[in-house]
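Single-structure report; data block below.
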Amino acid sequence: PVFFFFCVCFDLRENRRKMDKENERLKAEILELKDEIRKKDASIEIRKEDRNELIKQVSQLREQVDGLEDKAARLIEENERLNKALSEVRSSSPHTKAEPAQTAHVPGEAAKHTRFQQKYNLPPTEYPITYFVCAYIRKRDRGNLYVTPNYLLFVPSWGAPFTLALKELVTISPVTGHEHSLEIGHKSGTMYLFRALVNRVETEKVIKGQSALAGNPFPA
C-alpha cells in the first residue's frame, strides 16, 4: 500500500507539472493573441482614418462636380440666349440667306483646299463650303460642322474628327423642344445630334441643299 501511495503521488505531481507547463504555454499563446489583436485594432483604426479621409475627399469632389455642373448649366442657358439673339439678328439681315452651295472651287484657294483635304483625309474634290459652330451631343464635344461638296465634317475642339457622306444621310430634322438642335440620321442607323446651332433653320437648309447637289435630295 505504501508503494502504491507513492506511485499515485508521483503520478499526480507529474501530471501537475505537465499541466503547469501546458498552462504556461497557453498563457504565452494568449499573450501573443492579445498582442496580435492590439495590432489588428491599430491597423483597423488607421484604415478607418484612411476611409474617413477618402470619404471627405469624395465629398469635396462631389461638391466641385456639382459646382461645375451648375456653372455648365448657366453657360448653356447663356449660350442659348446668345444663340437666339444672334439668330434673330442674322435672320433679319438680307446677307444671311442660305443658298445651296455650288461645287466649284474659288480661284486662288487651291493650296488652302489641298491642306484641308490632307488634314482631314478627304478626297481631292472636297473643300469647305461653309461651317457652323455647334456641339456634338453624343460626346458633348463643341466644334465646327463643315459642309463640303459631298460630306459633312465635324471637327471637335478635342478628339478625332469624323465625316458623314451626304449620299448616306437618310434624315435631317429639327429636335422637338430644342430650337437650336438638328438630328441627322445615317443609313447605318446611327443618329447624330448637333446642338447649340446659332441658326438651326439655316444649317438645315444648307445641308439639305448641298445633299441634293450631291445626288441625295430631301423634301423641302
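Largest accessible area first, the listed residues THR176, THR148, THR190 line up as THR176, THR190, THR148 when surface is computed with a 1.4 Å probe on the assembled protein chains. Ligands, DNA and RNA aside, HIS180 has an accessible area near 10 Å² when probed at 1.4 Å. Residue order by solvent-accessible surface for GLU32, GLU14 is GLU32, GLU14, largest first, with ligands and nucleic acids left out and a 1.4 Å probe. Of the whole protein surface, ARG195 contributes about 60 Å² of accessible area at a 1.4 Å probe radius.
With a 1.4 Å probe rolled over the protein heavy atoms of all chains, the accessible area of LYS167, LYS27 falls in the order LYS167, LYS27, largest first. Under 5 Å between amide hydrogens, built in the peptide plane, is the criterion, and for TYR151 it picks out LEU166 among residues at least 5 positions away or on other chains.
The values are calculated or read from the model by the stated rules, or taken from the named source; none is laboratory data. All values reported here derive from a predicted model rather than from experimental measurement. Heads up: the accessible areas ignore ligands, DNA and RNA and are worked out on the full protein's heavy atoms, side chains in. Shrake-Rupley method; radii C 1.70, N 1.55, O 1.52, S 1.80 Å.
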